[in-house]
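One structure below.
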Amino acid sequence: MNSAGEARGVRCGGSHGGASQLAPVVLARCSDPAGRCAGRRGPGGIHRTGPRTDGRDGTRNRQGRTAVEDGSRRVAELDTGFFVRWLTETASAVDREADRLTELDSAIGDADHGSNLRRGFTAVTAALTDKPPPSPGAALGLAGRTLVSKVGGASGPLYGTLLRRTGRELGDAATVSREELARAMSTGVEAVAALGGAAEGDKTMLDALLPAVRALPESFTAARRAAAEGAVGTVPMRARRGRASYLGERSIGHEDPGAASSLLLVAALERSWEAADE
């Protein structure tokens, strides 16, 4: 695969798009498996937060979802179940697209990106099942550690760094807002850039991830669109970091496999939100 540069032998592969408004409803799922919550419970373990004393109140639409008001702004509250769903959806997407990722990598890299990520995210799914995480940050930390331990080459260290640093930024909070996730992911992406010694425009995974985290505060759809545009935007680029950079002009005309897989991660985030909102 192509890289965000090489740091201690690690390589990494990797626009803005249009945006749509986030649906003005928010899930606040009960953390108790039996659905016993301090608030009023709705269908499927989704609960209404009810009145608050900090100026934010919970309102419910016809589907029983919760919209937490902060002045005139609607705030998305994402719980541990959402993050587990995001990671398992990513694993499914990687499994479906593994052959394509490997084909992209065969043109400018080691021809192992798809197989490595498939092995890694399969292990992530198993780890989340074997040891259910207690918080969103813990879910990402577990996934990151698993990728580092199970995947060789560049994919494990780079995606592992992204998820671990993002999880660390989220801390032990039981729920996080989309804006908080965006800030945490920005820190994670910065860690990836530091590890690989790359920047946006170097034809790496950063060309999809950086636009995505910039757009994420607006909506999950905006983030996915930005990542998609960033991934496609790597096609005319000349690689400046990693193995693909050795090809010089011959690296032009190929989509970066790391950017393509980063798009899968961001698209899975959007699908997880849509599934939660059904």
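Observations, loosely collected:
- Extended-chain gain in nm, criterion 0.36 nm per residue less alpha-carbon gap, A275 and D130: 49.9 nm
- At q = 0.13 Å⁻¹, base-10 log of I(q)/I(0) for segment 78-276 (Debye sum, equal scatterers on each alpha carbon): -0.61
- Mean-position separation - Cα centroids, segment 176-213 and segment 112-143, in angstrom: 19 Å
- Each residue of segment 257-269 is assigned a 3J(HN,Hα), and the resulting list reads x, x, 5, 5, 6, 5, 4, 4, 4, 6, 5, 5, 5 Hz, derived from the Karplus form 6.51 cos²θ - 1.76 cosθ + 1.60 (θ = phi - 60°), x at Gly and Pro.
- Exposure proxy ranking for E270, E255, based on other Cβ atoms within 10 angstrom of each Cβ and starting from the fewest, stands as E270, E255.
- Here's how it looks for D256: its modeled amide H is under 5 Å from those of T234, V235, which are all 5 or more places away or on a different chain.
- The slack between T122 and E190, meaning 0.36 nm per residue of separation minus the straight C-alpha distance, is 21.9 nm.
- Calculated from backbone phi, Karplus (6.51, -1.76, 1.60) coupling profile of segment 195-202 in Hz, x at Gly/Pro: 5, x, x, 10, 9, 4, x, 8
- Take every pair of alpha-carbon atoms less than 8 Å apart whose residues are at least six positions apart; their mean separation over the length of segment 78-276 yields a relative contact order of 22 percent.
Taken together, the values in this text are just the output of simple stated rules run on the coordinates, not laboratory data. Fair warning: this is a prediction, and the values are worked out from it, not measured in the lab. FYI the Cβ positions are ideal-geometry reconstructions off the backbone, even for glycines, and counts take in every protein chain you see.
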